Structure formats: C-alpha cells, structure tokens
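One structure is given below, encoded as structure tokens.
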Amino acid sequence: MERDNGSTQRLVVDPKHPNPSVIREAGAVLRQGGLVAFPTETVYGLGANALDPRAVTGIFRAKGRPGDNPLIVHIEGPEALANYVERIPPAVSKLAERFWPGPLTLVIENRNKFPAVVTGGLETVAVRVPGHPVALALIRAAGVPVAAPSANISGRPSPTTAGHVMDDLAGRIDLVLDGGPSGLGVESTVLDLTGRNPVILRPGGVTRRELEAVLGPVELDPSVDGQAPGGKPRSPGMKYTHYAPRAPLLLFEGCGKESMAARILAEAGRLAGEGRKVGILACEETAQIYAREGYPVVVAGRRSDPESVAAALYESLRRFDRMEVDVILAEGISEDGVGLAVMNRLRRAAGGNIIAGPS
C-alpha cells in the first residue's frame, strides 16, 4: 500500500479502557494487510499480520530494517501457542504463569506457520503476550497473531510515545494508536528455550534474577555485552547498532560516579576545545556537576533506581537530536536488575565507542 507524506492516521485511545470502535478499526487495518503502531508496556510496536508475508514485508520497508533481523510475534495468550509451534518446551507453562502477559519474549521452534520474513529465515520463532490493554485488545480484534518490532526507523531510539512514532514513520504506515507513554521504557527480555540451557539473547523488562527464580540457572548470550553474534541474529537487538541518536555517543562505564564524572568532564573539555558541541547524558545524582561547567545535560533517571533510567532512556536520547549536539557523553550505570538492559541499549547505541574504567 503506497502512502503519501502525512497520510498516517493518529487515533487517541484510553490506555486502560480503549474505545472498542477504534480498536475494531485498527484490527481491520491489520487484517487487510496494513501497518498499525500501538502501545505496549515496553515501547510502541509496529504491527502487521504475522501470517501475511506481504504485510510483514511492509514493516521492513517502513523501518528500513535489515531483512535477516527476526521479528517478535505478539499473541493474545499462551493457549494460542499450540496453533503455531511444533513443540512447546515444558518451561513455557512456568514462565507464562509468572510473566505473561508481560515483557518476556520466548524463542521456541517454529511449525512453519510463520513465513520466513517473520523468523529471519530461522527454524525458530520469538513470541510474547504483551501486558498492555490496547495491545491485547488489538490482537483480539485483528483475529491474527501480530508481528511487531519497535515502531521507529531502524537503528534509532525506540519510541515510547505516539509522538516518537510520528516523528519517524508519519507517511510510512497506516495508523498510530496513541495510548500515551509506555511504562517500562525498554523492550522485552528475549529468552531462547531451544538449547540445552535457557539463554538470554536480549535483556529487558524481566531480569535474569527473576527468570532464575523460576528456571534455575540462565545463561547470557555474549552479544548482551556488545559482542557481534556469529551467523544470523536469533533475536532483535543482537547484531546491529540500535537505539542510536543522530550524534555519535561515547559510553563511560566501569567506575564510581565521582571518577566517572571527572573522566567525562576531561573528555568534554577536550572535545569542546576542538569546537564540538558536547551533550551529556547523566543521572540525577551527578547532573549538576556537568551543568555547573556549562554543558547541556539530559537527565535520565536516578542511578539508585535503574527502572527510572530505563523509563527515561529513549526520550532522553531523542532530546539530544533536538538539541543538535555534535557528540554525546553518556554515564553508565550498574548492571543489577533492569540496569543490564539499560547498559545493553547504551552499548548498542554507542556502536562500540566505549571507555571502560579501572577493573
């Protein structure tokens, strides 16, 4: 479906009690092969009928997404899995009882129900049950599983508001359901259940500790720390530079907040001496240190509360675009809990530009 610039419709919905007529309209768009952006509890997703290869191809075209990057299929409940997968691992029922609906994606074997454009040509498929009333209502109204990556231009910071979606995709998609800001602010955790041991391919809203409380030991894929995976990526967020603002980002990690602030100020002074406009991504605890020196600062939550950093991260990165800085110096945080997901996103946004502190 061709779209002229500005043809994307934006409809406001109550995030807790979405208007049934609006949801029915959006569901019809999906059934007819169109693209609908919608809120989830993590970020905004860009949905298409997961059983329609032509519709799913439209997601890749709208986003400029690499074709070997698999998509996550959103379903209305765990009972729907039997319709689409060959073998449901025993761990699924335990995880579904604890975390679904919610920010956990499971990679399991595909039963050839989903086209290769959804799975990235793999013999596995990534599925989840979203925990947002609008997302669940849309899936039910559509009557089909919904393939949905984040609703942004590929590589950009993920969208946490409908405004972010419009900034990136207006004129490229059919409809945006505006359900207000998403809550968690980072994507779902992706857990691979197809091997001998469960492996986190992408950290997110469900922490490693929470998973291990249900399953026992859970491994981390090396790509979580920024290493490139061999072969095709098994999950979104593994292979490519993601979540990146327009200006290059330099990530500082591995030291205490006072030492980190000193190192950031030293690098900021060097870059400013070269005539470059420096922006600093900081936590509340250290923001004034940089502001006193005259640097533009964007505050992304509190170091003592990684959930607040996660919730603010993508909006903070997009603010630097509006500030038109030449380079961004970003504070790292502890990898405890959701901090692991935050650091994964910052490492991807930095594209390897990382300054590690003393071990």
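Side notes on the structure shown:
- Expressed to the nearest 5 percent, the antiparallel share of DSSP beta bridges inside the chain is 35 percent.
- Neighbour-limited loop hits for trypsin sites (Lys or Arg not before Pro), the range 12-68 (at most 12 other Cβ within 10 Å; DSSP other than H, G, I, E, B): Lys16
- Note on Arg202, Arg128: ascending count of other Cβ atoms within 10 Å places them as Arg128, Arg202, the fewest first.
- Near Ile355: Cβ cut-off under 9 Å, other residues only, Lys/Arg at +1 and Asp/Glu at -1. The net charge is -1.
- Diffusion coefficient, µm² s⁻¹, Stokes-Einstein with Kirkwood Rh over alpha-carbon pairs of the range 249-356 at 10 °C and 1.306 mPa s: 117
- With neighbour counts taken as other beta-carbon atoms within 10 Å, the residues Glu335, Glu86 rank, fewest first, as Glu86, Glu335.
- Global size of the chain as Cα Rg and Dmax, reported in angstrom: 20.1, 61
- Ellipticity at 222 nm from helices only: DSSP H runs of n ≥ 4 in the chain, each -39500 (n - 2.57), divided by the residue count, give -9500 deg cm²/dmol.
- Relative contact order [Cα under 8 Å, 6+ residues apart], the range 268-359, whole percent: 26
- Cα shape, the range 25-135, gyration tensor, a/c 1.5 rule: oblate
- Here the relative contact order of the chain, from alpha carbon pairs under 8 Å that lie six or more residues apart, stands at 19 percent.
- Which of Ile355, Ile75 has the fewest Cβ neighbours within 10 Å, and the rest in rising order: Ile355, Ile75
- Top of Thr40, Thr189, Thr57 by mean-square fluctuation, Gaussian network on the chain, Cα under 10 Å: Thr57
- Whole-angstrom gap from the range 146-182 to the range 13-35, using each part's C-alpha centre: 15
Values quoted throughout were computed directly from the atomic coordinates according to the rules given, and no laboratory measurement underlies them. Just so we're clear, the structure is a prediction, and the values are computed from it rather than from any experiment. With ideal geometry, Cβ positions are generated from the backbone for all residues, glycine too; neighbour counts draw on all protein chains shown.
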